[in-house]
Amino acid sequence: MNPRPGDWLRVLPAGVIELRPGKVELGQGVLTALAQVAAEELDVSPARVRMMPAVTGLSPDEGYTSGSLSVQYSGAALRLVCAEVRGRFVAAAAARLGVPEDKLTVADGQIQAPNGRASSYWELAGAGLLDQPATGDYQPKPASAYRVVGTSLPRLDLPDKLTGRPRYTHDLSPDGLCYGRVVRPPSRGATLARLDPAAALALPGVVTVVRDGSFLGVVAEREEVALRAAGRLRADASWERRPTLPDPAGLPAFLRSAAAETAVLAERGGPPAPGQVATSIEATYHRPYLAHASMGPSSATALVSDQGTPRLRVWSHTQGVYPLRAELAHAVGLAEDDVTVTHVAGAGCYGHNGADDVALDAALLAMAVPGRPVQVTWSRADELGWAPFGPAALVHVAAELDSTGNVLFWRHQIWGNGHSTRPGSNPSVALLAAGHRAGGRDIEPAAEPPMSRGGGAGRNSVPGYDFPAYQVVNHRLLDMPLRTSALRSLGAFLNVFAAESFMDELAAAAGRDPVEYRLACLADPRARAVVEAAARRSGWGSWPRAESAGHGIGFARYKNASAYCAVVAEVAAVSEIRVRRLTIAVDAGLIINPDGAANQVEGGAIQATSWALKERVRFDRYGVTSDSWETYPILRFTEVPAVDVELLPGGGNPALGIGEAAQGPTAAAIGNAVYDALGVRVRTLPLTGENVLAAMPD
Amino acid sequence: MDDERAAPATAVLVNGQRREVRTERDTALLYVLRNHLGLKGTRFGCGLGLCGACLVLVDGLATYSCDTPLWAVQGKEITTVEGLGTADQPHPVTRALIARQGAQCGYCLPGVIIAAVGLLGRNADPSDEEVRVALDGNLCRCGAHNRIVRAVLDAAAELRAAPEATA
């Protein structure tokens, strides 16, 4: 795999540890957390650790930065690597100083012997100690010895980002940079019939116009010229449009009736004997397509060499430099070795957005101007209209209950598209422009990863409660009218919203308290602890009854295997739903950086509140119509709830991913609070006035 | 950029310095700042004045640079986030944001800082609600809102205690 410690880090004589993990900064603070892990095992000050960007050919191939797995897996690998690095330096110092290893101590990279003699990492840096394959013979520290891990080290990258230093992909300005823009088709499935590029080409500062099938772009010396020229091309192009999308008003019916591949994802026991069943209850829940809606539209810079064998260099905010390299090489017909992808931070990334797509846009335009770097930044309309979406879906839950309302059998069914069309997932090139080029193929419908890896549509569809029997079925759509891919928490958002709303429906039917009802079928002590903590901290059950105010709870263990999270929401439901407060309890085992972890949970909960209250991708039969902040509104400062996060003690448990844990429980808690406030069960997201009204009994 | 020589020259006053740029007079101020002057802290978010990532101060007033043409800022004083402080000597608002770790990706923050500085210029003692209203034109997708609001309140308190702290 990654056999040499030198692949992960370098020790520089100047007293710096250069760390090059394969994971990338998405705005989540992961590089700070990984720097802490390294500083801890190496016994150096975190200030000495310099985090290097992931680059193909240099960095270890850690695949994608996704799924809340970085601290869990990359952190664990880094811990072993750094323990071995420390061990090798101590051994070398022991030999040099003539002192047994166990008599040496390390403090901030200084290796000290009791007789006063000393060496250091920096002094031994040139000795090639990190070039030998790893042995795995070195034990990391016990958690009880941690001094850096578990502290809230401030983010390393924020001072630059907050004072305007160039730190983002969009800010690159290499010599000779020119600016590219792509003119997307006016609708899905539209083809470029006629184009007169003369007027665009005549604009002073336009370098070239690129047309390849229905892929159309322009390169200009200045960004303002590229924008004008793209506008000119748009006006001078004729497209053949055709309707390819389902009727938006009939989206749930489309999801239910489209061709699908049906699979049983999980099963325990069988249906109970008819005599045991006192009642049966069922309900159907729906989520719309959701957009990533990052604040910075996707951007990439590409350079094709103008001498010798063509080589392509790309700077990208991709989640995976190696998978993107492979996809780009395939797309442009180069060997992977002739393509280099360097990670540069983008705006906040919550999954598979347009980052990889724009890298191909930039590469295709750069091929037309060898020797000139080309920077392409998407428009807001392209970002909201063309990046992959989190899939729309339906979930139907049915339960058979005994006479006290306890679940005897639970059936969870999902209809929707899969959640990954990332590079590498598809037989064709899974990048937007590839399908628009002459002879290009559409990206094939997203597949369903196995449940052992957390699933996609099936994520968190397996009950987290101790039900005696259940069955989980997924109907993966074989038609993908809008491209769907990974968005923070994947299927867990709807599955948890559905299951936790349904738990409340069952509790209400049995006349039982929602918290008591959950605890009655929850044996896992860590699960019980977060539910109890959120209930206690929010003052569950002790609120004075107030007009139009309500409280609700939602709980899940992310992926049934990662962080435990319980959320209590307080809402006010007057002319619209407002979330006043979210009280959240999380158990993620060992926490590397408590404030960073709390920040992730707060942010995730606020984003989930935005999804739950406001967000829906709008479309007509031709294309996406929600392509601005006016048509795709997100939660604003005046609408954001207070968020109170309690991180439960790690209890000696290993670190679990935390970044996505709050998404589903937050939505469920809000839905349950709306029911508490209004007595109306809203099963269609978002919880807008319109959907609340539609859910009211006639 | 050969074509640039053909474009008209315009003088702009940015962060206390008079700079000359060559571009068409209807070019958005955003591109003048980012590309002609290399001030990358002002960010493109939507191009329509709907998200606040591109905010700059024009004569002290928070203004969307993405839909402000160059001709409209002639003779006016423009302040970008780079003009408010550096990583070593940050503006009190920026310092408070770092202290509160009031960011995740950080992309929207320069616009937020500009809006906050604009607010504190006209209201030295805003309430939580007034800060939220002032920042309502700034979108943040990572969910750092509450930390940002607390940081702005911290900075306001600091500036009231020591008004000369303004960089």
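Are there DSSP H segments in chain A that both extend 27 Å or more along their axis (alpha-carbon positions) and score a mean Kyte-Doolittle hydropathy of at least -1.0? List them, or say none. Once both thresholds are applied, what remains is A:75-97, A:594-614. Measuring nothing but how far apart in sequence close Cα pairs (under 8 Å, 6+ apart) lie, relative to its length, chain B scores a relative contact order of 22 percent. Of the residues A:Met295, A:Met451, ranked by 1.4 Å probe accessible area with the largest first, the sequence reads A:Met451, A:Met295. Any chance you could give the angle, 0 to 90 degrees and rounded to 10, that helix B:145-161 forms with the longest Cα principal axis of chain B? For B:145-161 against chain B, the angle is about 80 degrees. Length available on full extension from A:Ala76 to A:Ala263: 0.36 nm per residue minus the Cα-Cα distance, which gives 63.9 nm. Taken as Cα centroids, segment A:556-600 and segment A:53-104 sit 33 Å apart, rounded to the nearest whole angstrom. Put a dot 7 Å past the Cα of A:Ala127, heading toward its Cβ, do the same for A:Asp102, and the two dots end up 2.1 nm apart. The distance separating the Cα centre of segment A:466-504 from that of segment B:116-159 comes to 38 Å. Could you run the Debye sum over the Cα atoms of chain B, one equal point scatterer each and no solvent, and tell me log10 of I(q)/I(0) at q = 0.11, 0.13, 0.17 Å⁻¹, two decimals? Log10 I(q)/I(0), no solvent term: -0.44, -0.60, -0.97.
Using a simple spin-label model with points 7 Å from Cα along the Cα→Cβ vector, what separation in nm is obtained for A:Asp160 and A:Gln276? About 6.0 nm, to one decimal. Here segment A:268-307 was treated as a single set of alpha-carbon atoms; its pair distances binned every 5 Å from 0 give 5, 9, 11, 9, 9, 7, 7, 7, 7, 6, 6, 6, 4, 3, 2, 1, 0 percent. Computed with a 1.4 Å probe on the full set of protein chains, the accessible area for A:Val90 sits at about 10 Å². Working note: Cα gyration tensor of segment A:401-495, eigenvalues times five, square-rooted, sorted largest first, giving semi-axes of 35, 11, 9 Å.
Pairs from the list A:Lys559/B:Lys40; A:Lys161/B:Lys76; A:Lys559/A:Lys614 with a Cα-Cα gap above 28 Å: A:Lys559/B:Lys40. At R0 = 35 Å, how high is the FRET efficiency between B:Asp59 and B:Ala9 if r is their beta carbon distance? Nearest 0.05 is fine. Calculated value: 0.95.
Assuming R0 = 41 Å, can you tell me the calculated FRET efficiency for the pair A:Glu336 and A:Thr244, based on Cβ-Cβ distance, to the nearest 0.05?
On the way: r = 33 Å, r/R0 = 0.81.
Efficiency, rounded to the nearest 0.05: 0.80.
Ratio of Rg to Rh for chain A: 1.00 [Cα atoms; Kirkwood radius as inverse mean 1/r over pairs]. Taking all protein chains as they are arranged and a probe of 1.4 Å, the heavy atoms of A:Tyr289 leave approximately 0 Å² accessible to solvent.
Each of A:Trp611, A:Trp122 has its accessible area taken with a 1.4 Å probe; listed largest first, they run A:Trp122, A:Trp611. Close amide H pairs (under 5 Å, H built 1.01 Å from N) link A:Arg616 with no residue at least 5 positions away or on another chain. Label 7 Å along Cα→Cβ of A:Ala143; segment A:592-609 residues with amide nitrogen under 20 Å? Of the residues in segment A:592-609, A:592-601 have backbone N under 20 Å from the label point off A:Ala143. The trypsin sites (Lys or Arg not before Pro) of segment A:388-446 that meet both conditions, a loop assignment by DSSP and at most 16 other Cβ atoms within 10 Å of the site Cβ, are A:Arg441. Once both labels are positioned 7 Å from their Cα atoms along Cα-to-Cβ, the gap between A:Arg545 and A:Ser45 label points is 6.2 nm. Averaging 1/r over each pair of different alpha-carbon atoms in segment B:31-108 and inverting the result gives 13.4 Å, the Kirkwood hydrodynamic radius.
Given a 1.4 angstrom probe, what's the average accessible area per residue across the protein assembly as shown, in square angstrom? Intermediate values should be presented prior to the final figure.
On the way: 30880 Å² over 865 residues.
It amounts to 36 Å² per residue over the protein assembly as shown.
Using the Cβ-Cβ distance between A:Ala283 and B:Gln17 with R0 set to 41 Å, the FRET efficiency from 1/(1 + (r/R0)^6) comes to roughly 0.05. Sorted largest first by accessible area at a 1.4 angstrom probe radius, with every protein chain in place, the residues B:Tyr64, A:Tyr350 fall in the order B:Tyr64, A:Tyr350. When chains A and B come together, the accessible area they lose, probed at 1.4 Å and totalled over both chains, is close to 5000 Å². For A:Leu693, put the label point 7 Å out on the Cα→Cβ axis and report which residues of segment A:594-620 keep their amide N under 18 Å from it. Answer for this model: A:613-616.
Normalised by 2.2 N^0.38 Å, where N counts its residues, the alpha-carbon radius of gyration of segment A:167-248 equals 1.25.
Given a 1.4 angstrom probe, I'd like the percentage of the accessible area of chain A that is carbon and sulfur, rounded to a whole number.
Numbers: 12500 of 24570 Å².
The computed percentage sits at 51.
Report the one residue of A:Leu78, A:Leu26, A:Ala492 whose Cα lies farthest in the direction of the positive end of the charge dipole of chain A (charges on C-beta: Lys and Arg +1, Asp and Glu -1; origin at the Cα centre). The Cα lying farthest towards the positive end belongs to A:Leu26.
By a 1.4 Å probe calculation restricted to protein chains, A:Ser238 has an accessible surface near 40 Å², given to the nearest 10.
Relative contact order for chain A: what is it in percent, counting Cα pairs under 8 Å that are at least 6 residues apart? About 14 percent, as a whole number. Remark: segment A:339-436 carries a charge dipole of roughly 200 debye about the Cα centre, counting +1 on each Lys and Arg Cβ and -1 on each Asp and Glu Cβ.
Taken about its Cα centre, segment A:1-52 carries a charge dipole of roughly 180 debye when the Cβ of each Lys and Arg holds +1 and the Cβ of each Asp and Glu holds -1.
Report, please, the projected area of segment A:297-440 averaged over directions, based on the convex hull of its C-alpha atoms, in nm².
Here the figure is 11.7 nm², rounded to one decimal.
Both radii are taken from the alpha-carbon atoms of segment A:1-145; with Rh as the Kirkwood radius, Rg/Rh is 0.97.
For segment A:581-611, a drop of 10 Å² or more in accessible area on going from the chain alone to the assembled protein chains (1.4 Å probe) is found at A:Asp595, A:Asn599, A:Gln600, A:Glu602, A:Gly603, A:Ile606, A:Gln607.
Could you sort the residues of segment A:278-324 by number and keep only those whose accessible area is reduced by 20 Å² or more in the all-protein-chain setting relative to the chain alone, 1.4 Å probe? The answer is A:Met295, A:Pro297 - residues whose exposure falls by at least 20 Å² when every protein chain is included. Paramagnetic label reach from B:Val133 (point 7 Å along Cα→Cβ; backbone nitrogen cut-off under 20 Å): within segment A:543-583, residues A:575-576, A:578-580. Rg/Rh for segment B:83-158 stands at 0.91; both radii use Cα atoms, and Rh follows the Kirkwood definition.
Any idea which of A:Leu328, A:Ile584, A:Ser425 is furthest toward the positive side of the dipole for the protein assembly as shown, if Lys and Arg beta-carbons carry +1 and Asp and Glu beta-carbons -1? Projecting each Cα onto the dipole axis, the largest value belongs to A:Leu328. Distance from the alpha carbon centroid of segment A:608-634 to that of segment A:156-195 works out to 22 angstrom.
Atom-type composition of the exposed protein surface of segment B:1-160 places 48 percent of the accessible area on carbon and sulfur (1.4 angstrom probe). Extension gain for A:Arg526 to A:Ala572 (0.36 nm times residue separation, less C-alpha to C-alpha distance): 13.5 nm.
The HN-Hα couplings worked out from phi for segment A:270-287 by the Karplus form 6.51 cos²θ - 1.76 cosθ + 1.60 (θ = phi - 60°) are x, x, x, 5, x, x, 6, 7, 8, 8, 10, 9, 8, 7, 10, 10, 9, 10 Hz, whole numbers, x standing for Gly and Pro.
For the protein assembly as shown, the antiparallel share of DSSP beta bridges with both residues in that region comes to about 75%.
Counting other Cβ atoms within 10 Å of each Cβ, which GluC sites (Glu not before Pro) in segment A:547-588 have at most 12 and sit in a DSSP loop?
Details: sites: A:Glu547, A:Glu570, A:Glu576; in loops: A:Glu547, A:Glu576.
Answer in residue order: A:Glu547.
The values are calculated or read from the model by the stated rules, or taken from the named source; none is laboratory data. Since the structure is predicted, the reported quantities are computational estimates derived from the model, not experimental observations. Note: ideal-geometry Cβ built from the backbone for every residue, glycine included; neighbour counts use all protein chains shown. SASA here: full protein model, heavy atoms, side chains in, ligands and nucleic acids out. Shrake-Rupley method; radii C 1.70, N 1.55, O 1.52, S 1.80 Å.
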